[in-house]
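In what follows, a structure is listed as structure tokens, so that the remarks can point back to it.
The values are calculated or read from the model by the stated rules, or taken from the named source; none is laboratory data. Because the structure is predicted, anything quoted here is derived from the model rather than measured. Neighbour counts are summed over all protein chains in view; Cβ atoms, including those assigned to glycine, are modelled from backbone coordinates with ideal geometry. Surface accessibility is based on the protein's heavy atoms, side chains included, excluding ligands, DNA and RNA. Shrake-Rupley method; radii C 1.70, N 1.55, O 1.52, S 1.80 Å.
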Amino acid sequence: MPSLRPLLSLCLLFPVILTGCNASAPNAAESPNALMTLKERYADFFLVGATADLESYITHSPLLKNHFSSMTTENAMKFEQLQNIEGEFTFETADNMINFARENGLSTRGHALVWHRQTPDWLFNNSDGKPVSKDELLSKMRAHITTVVSHFKGRIEAWDVVNEAIMDDGTMRTHTEEADDQKSAWYGIAGEEYIAEAFHTAHAADPKAKLFYNDYYNYIPARQQAIFNLLQTLLNQDVPVHGVGLQAHINTIPSNDPNHQSSQQSVKNLEKAIQLYASLGLEVHITEMDVSLYIGGFPYTEKDYYTEASIPESLKLKQAERYAAFFEMFRRNSDIIASVTLWGIADDNTWLSEFDSGRADFPLLFDTQHQPKKAFDAIMNF
Ligand code: XIL
């Protein structure tokens, strides 16, 4: 409702003089916000982003354009999407998405150049199935980063250069992790060196882009210390790292099992990580926030899965309160946080509903009909 906005600003400036502005009512601060968009409400604090996929940037474009000031491509710029066959780069989808973002004034985050997942087989293995040598891997990595970052030069503000290199206990992610999808062939073949090398290569290709190290569960003390140590070491070696991304995939209700990571998911623990990283002079982005309705590690069965219609009001409220508490902390740290991105736009398109279990989740600010949820109101009303 843009036509009401000029009147609104006047009301805010001259509440007593102008008739029709009830500034003394307890909800005076609430009603104007209902007319504002998310990006307007947060304009003085930080960019508010959303991730989009190859369909949602079209199907959800009204929300993206109205409410968000930054966009990340959810999968379209991952290694296997851009170079699935060695030497053949496929930029069309990512180009369309980034062009859409730029034409609509959204800042852009590139995600992610080097990650242990969503990589093609040829990267780590020769045609005979044997692992490539360290030199070969680093040279393939440099070729990928140089081509990709040069292609998007001047069109991507921030790159997640290296994603998820640390484990929960603070050790480096290696090739010996138990679960296959946790193993890092980057580390297994090249050792820790690939990290610095990735940043140097990206910087050479686009010296103006801000380069980020991105990781999850930053609220776990051992993890945040290890990430801090890694970043400090890189900076001491003059590696061009400019920022750190904190994913922030959290739950509405943290687990009460002290061995489950989500038991450590407190505002305080995440704030500590943010301030620790910022003490290195790094810019902080929250890069992948969503708030799952499910309790981590709890043995749900199919009959317990939520549908949008079955979510209890009390749980919707709790989710809203959780969003509000984290956003309050983000605002308090807005001198060091430059961007907060949600991992999705609306509940009809979230990676948390993608798993084989068939369990639907509703972790975002807009519902499946693209209407604002209680969580949206909660982060608007302050
Ligand atoms: C996820 C996407 O959302 C899914 O669509 C895809 O199947 C797997 O990857 N951390 C990251 C993101 O850094 O790249 C992941 O995105 C979510 C966890």
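Per the Kirkwood formula on distinct C-alpha pairs, the Rh of region 102-171 is how many angstrom?
The answer is 14.2 Å.
Among the listed pairs LYS183/LYS303; LYS268/LYS316; LYS140/LYS272; LYS39/LYS78; LYS65/LYS208; LYS39/LYS318, which have their C-alpha atoms separated by more than 30 angstrom in this model?
Details: LYS183/LYS303 33 Å; LYS268/LYS316 22 Å; LYS140/LYS272 37 Å; LYS39/LYS78 27 Å; LYS65/LYS208 25 Å; LYS39/LYS318 23 Å.
Beyond 30 Å between Cα atoms: LYS183/LYS303; LYS140/LYS272.
Where does the Debye-calculated log10 I(q)/I(0) of region 276-382 sit at q = 0.23 Å⁻¹, using only Cα point scatterers of equal weight, no solvent?
-1.29
So what are region 60-121's ellipsoid semi-axes, whole angstrom, largest first, if each one is the square root of 5 times an eigenvalue of the alpha-carbon gyration tensor?
25, 12, 8
Let me check the size of region 195-307 from its C-alpha atoms; what are the radius of gyration and Dmax in Å?
16.8, 54
Expressed as a whole number of Å, what is the distance separating the alpha-carbon centroids of region 206-262 and region 166-191?
Spelled out, the Cα-based centre of one part sits 16 Å from the other.
Give the percent of DSSP beta bridges with both residues in region 235-382 that are antiparallel, rounded to the nearest 5.
On the way: 1 of 12 bridges.
Percentage antiparallel, nearest 5: 10.
Per-residue HN-Hα couplings for region 171-184, Karplus 6.51 cos²θ - 1.76 cosθ + 1.60 at θ = phi - 60°, whole Hz, x for Gly and Pro?
These are the phi-based 3J(HN,Hα) values: 7, 5, 6, 10, 7, 9, 4, 4, 7, 4, 6, 9, 6, 10 Hz.
Normalised by the number of residues in the chain, what is the relative contact order in percent for Cα pairs under 8 Å and 6+ residues apart? Each step should come with its number before you reach the end.
Numbers: 664 pairs, mean separation 58.7, N = 382.
Relative contact order of the chain: 15 percent.
Give me the percent of accessible area attributable to carbon and sulfur for region 145-239, probe 1.4 angstrom.
Whole-percent figure for carbon plus sulfur exposure: 49.
Return, for the Cα atoms of region 197-239, the radius of gyration and Dmax in Å, separated by a comma.
Computed over the Cα atoms of region 197-239, radius of gyration and Dmax are 12.1, 34 Å.
Given H placed on each backbone N at 1.01 Å, which residues far from LEU47 in sequence or on other chains put an amide H within less than 5 Å of it?
Here SER339, VAL340 satisfy the definition.
Hey, what's the chain come to in accessible area per residue, 1.4 Å probe, Å²?
Accessible area per residue: 45 Å².
Can you name the helices of the chain, as whole DSSP H runs, whose Cα span along the helix axis is 20 Å or more and whose Kyte-Doolittle mean is not below -1.0?
What comes out of the filter, once short or polar helices are dropped, is 134-151, 221-236, 313-332.
How much of the DSSP beta bridge set in the chain is antiparallel, as a percent to the nearest 5?
On the way: 4 of 39 bridges.
Around 10 percent of the beta bridges assigned by DSSP in the chain are antiparallel ones.
Over region 297-339, what per residue volume does the convex hull of the Cα atoms give, in whole Å³?
Spread over its residues, the Cα hull of region 297-339 gives 116 Å³ apiece.
Report, please, the projected area of region 227-271 averaged over directions, based on the convex hull of its C-alpha atoms, in nm².
4.1
Region 115-244: D in µm²/s via Stokes-Einstein (Kirkwood Rh, Cα pairs, 4 °C, 1.567 mPa s)?
Approximately 85 µm²/s, per Stokes-Einstein.
Taking the Cα atoms of the chain, what is the range of coordinates along each of the three principal axes, in descending order and whole Å?
Here the Cα extents, ordered largest to smallest, are 76, 47, 39 Å.
Run lengths n ≥ 4 of DSSP H only: what is the helix-derived mean residue ellipticity at 222 nm for the chain, with -39500 (n - 2.57) per run over all residues, to the nearest 500? Don't skip to the end; give the middle numbers.
Details: 15 runs with 141 residues, N = 382.
Computed ellipticity for the chain at 222 nm equals -10500 deg cm²/dmol.
Put +1 on the Cβ of every Lys and Arg and -1 on every Asp and Glu Cβ in region 121-180; which of VAL162, THR146, THR174 then has its Cα farthest towards the positive end of the dipole?
THR146
Given the options SER279, LEU293, THR252, identify the residue whose Cα lies farthest towards the positive end of the charge dipole of region 238-313 (+1 on Cβ of Lys, Arg; -1 on Cβ of Asp, Glu).
SER279
Report, to the nearest whole %, how much of the accessible area of region 36-82 belongs to carbon and sulfur atoms, 1.4 Å probe, protein only.
C and S atoms contribute 50 percent here.
On average, how much area does the Cα convex hull of region 245-298 cover when viewed from any direction, in nm²?
3.8
How fast does region 327-380 diffuse by Stokes-Einstein, in µm²/s, taking the Kirkwood radius from C-alpha pairs at 10 °C and 1.306 mPa s?
Values: Rh = 12.5 Å.
Estimated diffusion coefficient is 127 µm²/s.
GluC sites (Glu not before Pro), restricted to region 320-382: which are DSSP loop and have at most 15 other Cβ atoms within 10 Å? Present the calculation step by step, with values, prior to reporting the outcome.
Details: sites: GLU321, GLU328, GLU354; in loops: GLU354.
Loop-located and lightly packed - GLU354.
Check ALA165: other-chain or 5+ apart residues with amide H under 5 Å from its amide H, H built from backbone geometry?
For ALA165, whose amide H was placed from the backbone, there are no distant partners under 5 Å.
At 10 °C and 1.306 mPa s, what whole-number value in µm²/s does Stokes-Einstein give for the translational diffusion of region 172-233, with Rh from the Kirkwood sum over Cα pairs?
Translational diffusion coefficient: 120 µm²/s.
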